[in-house]
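Q: I have a structure here, written as structure tokens, and I will follow up with some questions on it.
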Amino acid sequence: MIIYTPLGMESIFPPDEKDWNNKKQVPIENGTVMIEKADDFTWRVVALNSSNPNDYMLPQYQPGTTWTGGQ
């Protein structure tokens with residue numbers, strides 16, 4: 001099977017399962033945002049997958065942006 005994706009290998013097949021457990025996909029209107037846990041109440045944006053090109057210009061979806069909220 002061949003997978004065609006814009007994501008890197010480590011996003012699909014993380015080297016350590018613990019790394020994958022600290023990430024989650026958050027659905028948005030036109031796609032998903034992948035975030036990773038920074039600490040108990042902070043998440044960091046890792047990647048955006050969207051069918052709307054304007055989503056890539058929004059500051060809240062820029063890689064490295066922090067989101068706050070508990071899990």
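Read-outs throughout are calculated quantities, based only on the coordinates presented, and are distinct from any laboratory measurement. Keep in mind that what you see is a predicted model, and the values were worked out from it rather than measured. Methodologically, a virtual Cβ is constructed for each residue, glycine included, from the backbone with ideal geometry; neighbour enumeration extends over all protein chains shown.
Q: Ranked highest first by average number of other Cβ atoms within 10 Å, how do 22-35, 56-69 line up?
A: Result, highest mean first: 22-35, 56-69.
Q: For A38, list long-range residues whose amide hydrogen, built 1.01 Å from N in the peptide plane, is under 5 Å from its own amide hydrogen.
A: Amide H to amide H, under 5 Å and 5 or more residues apart or across chains, A38 pairs with W43, R44.
Q: Quickly work out the N22-to-L58 label distance, labels modelled 7 Å from Cα along the C-beta direction, and quote it in nm with one decimal.
A: Between L58 and N22, the label points sit 2.6 nm apart.
Q: Please report, in Å, the Rg and the Dmax of the chain, where both are computed over Cα atoms only.
A: Over the chain's Cα set, Rg and Dmax evaluate to 12.7, 38 Å.
Q: Helix-only mean residue ellipticity at 222 nm, the chain, DSSP H runs n ≥ 4 weighted -39,500 (n - 2.57), per residue, nearest 500. What is it?
A: So the calculated ellipticity at 222 nm is -2000 deg cm²/dmol.
Q: Separate question: Using modelled amide H (1.01 Å from N, peptide plane; none on Pro or chain starts), what sits under 5 Å from the amide H of A47, excluding residues fewer than 5 places away?
A: M34
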